[in-house]
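Before any comments, here is the structure.
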Amino acid sequence: MISIGIILGSTRPNRVGPQVARWVHDQASRRDDATFDLIDLADHPLPHLDEPVPPMFGPSVNQHTRDWTARIAPFDGFVIVTPEYNGGMPGVLKNAIDHACAE
Ligand SMILES: Cc1cc2nc3c(=O)[nH]c(=O)nc-3n(C[C@H](O)[C@H](O)[C@H](O)COP(=O)(O)O)c2cc1C
């Protein structure tokens with residue numbers, strides 16, 4: 001069975017993202033050919049990228065990075081539910097992606 005992670009890309013107080021992400025999860029879960037799991041970036045607070053070695057060149061040393069990459073490693077693919085902030089993705093989403101590589 002294919003396993004898909006639905007990443008919620010906003011973390012600000014009073015965000016509307018959880019409502020949208022839950023809707024996406026409900027719609028996706030009607031499928032019987034994949035499983036879907038909601039991943040909330042608010043559950044994985046990460047400082048600005050603070051690994052001494054870029055993730056593509058070496059293993060992560062910080063526990064917060066290891067917790068985040070362990071959370072997303074099992075999935076075959078992702079759907080990202082994100083707002084647009086000033087013409088781009090939220091900084092927390094970009095930062096979370098930058099903390100990972102192989103995953
Ligand atoms: C700082 C900030 C910048 C935004 N910039 C844009 C934008 O460039 N384009 C747009 O369509 N909406 C923009 N919006 C509106 C958000 O995308 C919209 O309100 C979204 O639902 C916010 O999601 P959230 O509540 O999960 O943070 C912006 C909102 C904020 C807070």
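Readers should treat all values here as calculations from the given coordinates under stated rules, not as data from a laboratory. Everything quoted here is computed from the prediction, not taken from an experiment. Don't worry about glycine lacking a Cβ; one is built from the backbone with ideal geometry, like all the others, and counts go over all protein chains shown.
Per-residue packing, averaged as other Cβ atoms within 10 Å, sorts the ranges 88-95, 43-50 into the order 88-95, 43-50, beginning with the highest. Count Lys and Arg as plus one, Asp and Glu as minus one, and take only other residues whose Cβ is under 14 Å from that of E84; the net charge is then +3.
Considering only the chain, what is the antiparallel percent among its DSSP beta bridges, to the nearest 5?
Beta bridges within the chain, antiparallel portion: roughly 10 percent.
Summing Lys, Arg as +1 and Asp, Glu as -1, what charge do residues with Cβ under 12 Å from the Cβ of A100 carry, A100 excluded?
-1
Based on the Cβ-Cβ distance from D67 to Q27, what FRET efficiency comes out when R0 is 30 Å, to the nearest 0.05?
0.60
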